[in-house]
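Reviewing the structure listed below.
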Amino acid sequence: MSLLAVGVSHRTAPVALLERCAMGVDDVVTALHELVAGPDVSEAMVLATCNRVEVFAEVDRFSGGVVDVSRVLARRGGATVEELTPYLTVHSEERAVAHLFAVTAGLDSMVVGDAQVLGQLRAAYALARDEGTVGRVLHLVVQGALRVGKRVRSGTGIDRAGASLVVAALDRAEDRLGSLRGRSALVVGAGSIGALAATSLARRGAVVTVSGRAPERAARLAESVGGRAAEPTDLPAELAAADVLVTCTGARGAVIGIDVVALALAGRPDRPLVIVDLALPRDVEPGVAAIPGAHVVDLALLQREGTAGGEGAVAADDIAVAHALVEVETALLLAEREATAVAPTISALRIQAAEVVDAELLRLAARLPDLDARARAEIGRTVHRVVDKLLHEPTVRVKELARTPGGTDYAGALRALFGLGLAA
């Protein structure tokens, strides 16, 4: 068995490819079942965010697992495996654990310290659990990752430089417009990103309007930030009144077209509109950026800049501490994983020993039928104690050795020596 992490992210792939690979909830559910239906994947979870789509899986064979996962990702992205391969990252075992831990700690985000990934990982795990595609292995790894994320954020100041892409994007809006205090801001999309955007805008003093496909959710979000809700049909009028548009709907196609933006800006030549598109795939048609007065901030721009909210904006000591925590927690998780892996071997050894003892005691009873019950019981206890003492040291040592690199080899030797017949 082997743990794999295979996927694409802002570090390896252009936004255009990330858009093609982007998955909504329904897409993730389909991908999960496709993954575990393959010959080599036994457990699977998909972490799909605005800047990465990665599969974490427990596989029977490394090469077969990589092929299975790559095919599913390519199929979901409408690409061939050959097209996708140059942009894929593949990690296994220790590197897979360390990678997930670094992602959860915010060290691999487009904005270092991004706090949203913790919630995104919880949601990814919950969905995979509900679909029955995760088991003991991924449960152990995900719980470790969540623990790391919490420790990094409580023990460092890594998230002070910018908690998310929303913060970095709104900073760009302020670069164009100046302070957002008193400005009219329209948020299209009332999901988790929309909620963070609305909250961040309100904290900066903007007057917030929320529009979404789920009117009740949009109304609740608007009320929570002291704003108001608008119907999707009112989008042209709301856009004409806005200084900032933040859109993050999760739709599969563009929801902000060239015509509606051009119309909104037609009567306000001296008043620009900053459009923050945090959706993947993009909500805004590419041609919108060419409209006079429209300034688009999207994931491609943030990816090209690469420095906003990056490591340079975070204290070097915080980065170093975060990496050290990831390293320590990775070692602890791997030790726990190795120790768990030898448990079936130890259990099988003790069961085999008990069966041998019981068979010999039955044979003894047949040979000495006149042996009284008290003597028979004492002999049984004595033989069991002898066997327990003989097995104590080997089983303790195997557990200890399993916590060292390559420790599972000792468990394999134990299986071979005692003929336990367990799979390696």
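The values are calculated or read from the model by the stated rules, or taken from the named source; none is laboratory data. As the structure is a computational prediction, the values presented were derived from the model and not from experiment. Every residue, glycine as well, gets a Cβ built from its backbone with ideal geometry; the counts of neighbours run over all protein chains shown. What goes into the accessible areas is simple: the full protein's heavy atoms, side chains included, and nothing from ligands, DNA or RNA. Shrake-Rupley method; radii C 1.70, N 1.55, O 1.52, S 1.80 Å.
Charged side chains reduced to their Cβ positions (Lys and Arg at +1, Asp and Glu at -1) give the chain a dipole of some 780 debye around its Cα centre. Between the helical axis of 62-76 and the dominant principal axis of the chain, each derived from Cα atoms, what acute angle in degrees is found, rounded to the nearest 10? Value to nearest ten degrees: 30. Among the listed values (1) 47; (2) 31; (3) 35, the one matching percent of Cα pairs over 33 Å apart as calculated from this structure is (1).
Relative to the longest principal axis of the C-alpha atoms of the chain, give the angle of the C-alpha long axis of helix 192-203, reported between 0 and 90° and rounded to the nearest 10°. Compared with the principal axis, the helix lies near 50 degrees. Estimated at the nearest 10 Å², the accessible area of M45 is 0 Å² with a 1.4 Å probe.
When a/c is below 1.5 the answer is rounded, else prolate if a/b is larger than b/c, else oblate, so apply that to the stretch 1-109 with a ≥ b ≥ c taken from the square roots of the Cα gyration tensor eigenvalues. Since a/c stays below 1.5, the shape of the stretch 1-109 is classed as rounded.
Take the Cα of A324, step 7 Å toward its Cβ, do the same at A37, and the gap between the two points is 4.9 nm. On full extension, the segment bounded by R350 and E393 gains 14.2 nm, given 0.36 nm per residue less the C-alpha separation. Shape call for the stretch 160-308 from the C-alpha gyration tensor, a ≥ b ≥ c root eigenvalues: rounded (a/c under 1.5), prolate (a/b greater than b/c) or oblate? Here the stretch 160-308 falls in the rounded category.
Taking trypsin sites (Lys or Arg not before Pro) across the stretch 201-302, the ones in a DSSP loop with at most 12 further Cβ atoms lying within 10 angstrom of their Cβ are R252. Distance between the pseudo-spin-label points of T382 and R304 (7 Å out from Cα toward the beta carbon): 8.7 nm. Axis angle, to the nearest 10 degrees, between helix 93-104 and the longest C-alpha principal axis of the chain: 40 degrees.
Mean residue ellipticity at 222 nm from the helices of the chain, using -39,500 (n - 2.57) per DSSP H segment of n ≥ 4 over the full residue count, to the nearest 500 deg cm²/dmol?
Values: 16 runs with 236 residues, N = 424.
Roughly -18000 deg cm²/dmol at 222 nm, from the helical runs in the chain.
Where both partners of a DSSP beta bridge lie in the chain, what percent of those bridges are antiparallel, to the nearest 5? Show your work: numbers first, answer last.
Values: 20 of 42 bridges.
Bridges in the chain that DSSP calls antiparallel: roughly 50 percent.
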